[in-house]
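The values are calculated or read from the model by the stated rules, or taken from the named source; none is laboratory data. Nothing here was measured: the structure is a model prediction, and the numbers come from that model. So basically every Cβ, Gly included, is an ideal-geometry build from the backbone, and we count neighbours across all protein chains shown.
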Amino acid sequence: MCFQRIFCTLVWIPFLFLTACGEREIEVVSIALSRSSAELEIGETLSLKATVSPSNATYDSITWTSSNATVATVSDSGLVSALSEGNTTITVMADGKRASCSITVIKGYVAVSSLTLNKEKLELFKGETETLRVTISPDDATDKAITWTSSAPEIVSVSGGSVSAIEVGDAIIYAKAGDVSAMCSVSIKPVTATGVKITGAKQSVFIKDTLWLSYGFTPEHAEPVPMRWTSSDESVLSIDQDGVCIAVSEGAVIVSVSNDDASLSDSVEIKVNDPYMKVGQAYSSKWGFECTVNSIQVSSSGSKMTCSVSYTIKNITTDSKLTECLFSCITESGESIGQYGFYGYVFPGESVSRSYSFETLSSDPFVKLMFSNPFSNPVVNSNAPDLVWDITRFYN
């Protein structure tokens with residue numbers, strides 16, 4: 001009996017030891033995730049992996065949660081699904097230990113699926129403009145930038161959907177967004193001229209002046225029509241078919257431009273004035289003298305040019321003794337050649353007549369005769385013109 005009790009005891013002790021060892025639990029020390037943060041586009045998924053340490057730890061289960069399930073959800077296996085824009089935190093737990101991953105959900109790229117224009121055909125007159133409008137689908141497309149092009153920019157230009165008719169003809173306007181495009185056929189029609197207007201005209205010009213005239217049609221972008229220039233008196237002012245006018249002599253002319261049947265026409269009056277003083281006519285100077293050039297004679301011999309001048313000056317003041325002023329001949333290069341001789345006083349009412357000859361090289365001919373005041377005579381008539389005579393009129 002005693003032997004039996006000892007035997008049973010020896011058998012039962014190892015059994016108890018083995019049972020105790022089999023039921024021992026290993027505590028979870030930590031848990032970690034394969035990602036600490038991530039950015040997803042709406043509709044994307046991300047598989048997170050949880051690692052428990054130690055690997056033989058004893059725990060009941062792993063739980064997954066999302067702090068904002070409207071932004072992203074997480075399955076029991078760690079699969080994150082992005083639902084809407086925003087932020088959320090995915091948390092995994094095992095036996096009281098936890099780890100988390102910050103998730104940012106963005107809209108992502110939304111491609112343009114279709115693009116339409118409000119007009120597929122467009123007719124414009126030259127010079128007109130019209131704006132094309134674009135409808136893009138879907139509304140939340142990421143890149144709605146439109147690229148506009150014209151198949152013939154010299155006929156039709158386009159900028160930001162604004163179409164400008166430049167010349168008569170046809171072109172196609174293209175609008176493109178991403179890989180999607182739409183087009184509009186444009187036809188430009190001519191504008192018929194209803195009127196014409198001369199431009200560049202002056203009311204008056206001086207002899208030898210050149211004037212460049214032009215014209216424009218109305219409406220502004222009307223098609224050009226052949227026109228012809230005419231002058232009512234070519235001896236006063238001539239005009240060529242390029243609109244170049246040359247003032248020839250004193251007078252007034254009517255300059256006109258018109259088409260063949262005169263259905264389009266315009267005209268202007270232009271006066272031609274003589275900018276120079278006349279021989280034989282008395283003029284008042286600034287310094288109290290009345291000057292009359294009685295004659296001008298020009299001759300050339302070899303390399304020399306001679307200009308002979310006779311004149312009369314009169315002191316027209318009532319109380320001023322004036323120092324006699326002089327005449328000078330001005331050459332083409334601007335050189336001034338003055339008279340030489342006695343310069344005395346001229347008393348009120350007194351007249352002095354003189355004759356002088358001026359010489360220059362034929363290569364630098366005389367062009368003007370001027371009355372000037374090299375002395376100290378005061379200005380008594382500030383409104384008097386400069387006294388200048390044209391010598392070139394007396395060339396042989």
**Report entry** In the stretch 354-393, residue farthest from the chain's Cα centre (by Cα) [restricted to those that are among the aliphatic types (A, V, I, L, M) and within 30 Å of Ser320 (Cβ to Cβ)]
**Finding:** Val380
Query raised in the report: Looking at the stretch 373-392, is at least one residue under 24 Å from Ser249 (Cβ atoms), assigned to a helix (DSSP H, G or I) and either in contact with a strand residue (DSSP E or B) (Cβ under 8 Å, 6 or more places away or on another chain) or modelled with pLDDT under 95 (or both)?
Result: yes
Query raised in the report: With Val352, Val298, Val293 as the choices, which residue is in contact (Cβ under 8 Å) with a residue 60 or more places away in the chain, in contact with a strand residue (DSSP E or B) (Cβ under 9 Å, 6 or more places away or on another chain) and farther than 17 Å from Asp386 by Cβ?
Result: Val298
Query - Failed item, numbered, when Asp143 is tested on (1) at pLDDT below 95; (2) surrounded by 15 or more Cβ atoms within 10 Å (Cβ to Cβ); (3) within 28 Å of Ala38 (Cβ to Cβ) - result: (2)
Query - Residue that is over 28 Å from the mean Cα position of the chain (by Cα) and among the basic types (Lys, Arg), where the choices are Lys202, Lys197 - result: Lys202
Requested in this report: Examine the stretch 200-208 for a residue that is surrounded by 13 or more Cβ atoms within 10 Å (Cβ to Cβ), without any contact (Cβ under 8 Å) to a residue 60 or more places away in the chain and either touching a Lys or Arg at 6+ places or on another chain (Cβ under 8 Å) or within 16 Å of Asp266 (Cα to Cα) (or both), and state whether such a residue exists.
Outcome: no
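Listed here are the residues, each with its yes/no results for (1) within 26 Å of Glu167 (Cβ to Cβ); (2) of a type in the set (Phe, Trp, Tyr); (3) within 34 Å of the chain's Cα centre (by Cα); (4) not in a strand (DSSP E or B).
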{"site": "Ser185", "(1), (2), (3), (4)": "yes, no, yes, no"}
{"site": "Lys208", "(1), (2), (3), (4)": "no, no, no, yes"}
{"site": "Phe217", "(1), (2), (3), (4)": "yes, yes, yes, no"}
{"site": "Glu220", "(1), (2), (3), (4)": "yes, no, yes, yes"}
{"site": "Pro224", "(1), (2), (3), (4)": "yes, no, yes, yes"}
{"site": "Thr230", "(1), (2), (3), (4)": "no, no, no, no"}
{"site": "Ser235", "(1), (2), (3), (4)": "no, no, no, yes"}
{"site": "Cys245", "(1), (2), (3), (4)": "no, no, yes, no"}
Query raised in the report: Do the conditions hold for Ser113, that is, is it within 23 Å of the chain's Cα centre (by Cα) and of a type in the set (S, T, N, Q)?
Result: no
Query raised in the report: among the hydroxyl-bearing types (Ser, Thr, Tyr), in contact (Cβ under 8 Å) with a residue 60 or more places away in the chain and surrounded by 14 or more Cβ atoms within 10 Å (Cβ to Cβ), is that true of Ser150?
Result: no
Query raised in the report: Out of Ser372, Ser328, Ser382, which single residue is surrounded by fewer than 13 Cβ atoms within 10 Å (Cβ to Cβ) and in contact (Cβ under 8 Å) with a residue 40 or more places away in the chain?
Result: Ser382
Query raised in the report: Which condition number does Thr91 fail, the rest of (1) at pLDDT 90 or above; (2) over 26 Å from Thr142 (Cβ atoms); (3) not hydrophobic (A, V, I, L, M, F, W, C); (4) not in a strand (DSSP E or B) being met?
Result: (4)
Requested in this report: May I ask you to list the residues in the stretch 168-188 that are exposed (fewer than 14 other Cβ atoms within 10 Å of the Cβ) and among the charged types (D, E, K, R)?
Outcome: Asp170, Asp179
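What do you reckon, is Asp76 among the acidic types (Asp, Glu) and without any contact (Cβ under 8 Å) to a residue 40 or more places away in the chain?
yes
Sort out for me the strands (runs of 3 or more DSSP E) sitting completely within the stretch 43-83 that have 1 or more residues that are β-branched (Val, Ile, Thr) and over 30 Å from Tyr109 (Cβ atoms).
Of the strands (runs of 3 or more DSSP E) lying wholly inside the stretch 43-83, those with at least 1 residues that are β-branched (Val, Ile, Thr) and over 30 Å from Tyr109 (Cβ atoms) span 50-53, 62-66.
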Requested in this report: Residues that are within 19 Å of Phe394 (Cβ to Cβ) and touching a Phe, Trp or Tyr at 6+ places or on another chain (Cβ under 9 Å): find the strands (runs of 3 or more DSSP E) completely inside the stretch 301-354 holding 3 or more of those.
Outcome: 304-315, 326-331
Query raised in the report: How many residues does the stretch 99-115 hold that are modelled with pLDDT of 95 or more and either surrounded by fewer than 19 Cβ atoms within 10 Å (Cβ to Cβ) or in contact with a helix residue (DSSP H, G or I) (Cβ under 7 Å, 6 or more places away or on another chain) (or both)?
Result: 3
Report task. Count, please, the residues in the stretch 221-272 that happen to be within 22 Å of Arg393 (Cβ to Cβ) and exposed (fewer than 14 other Cβ atoms within 10 Å of the Cβ). Result -> 4
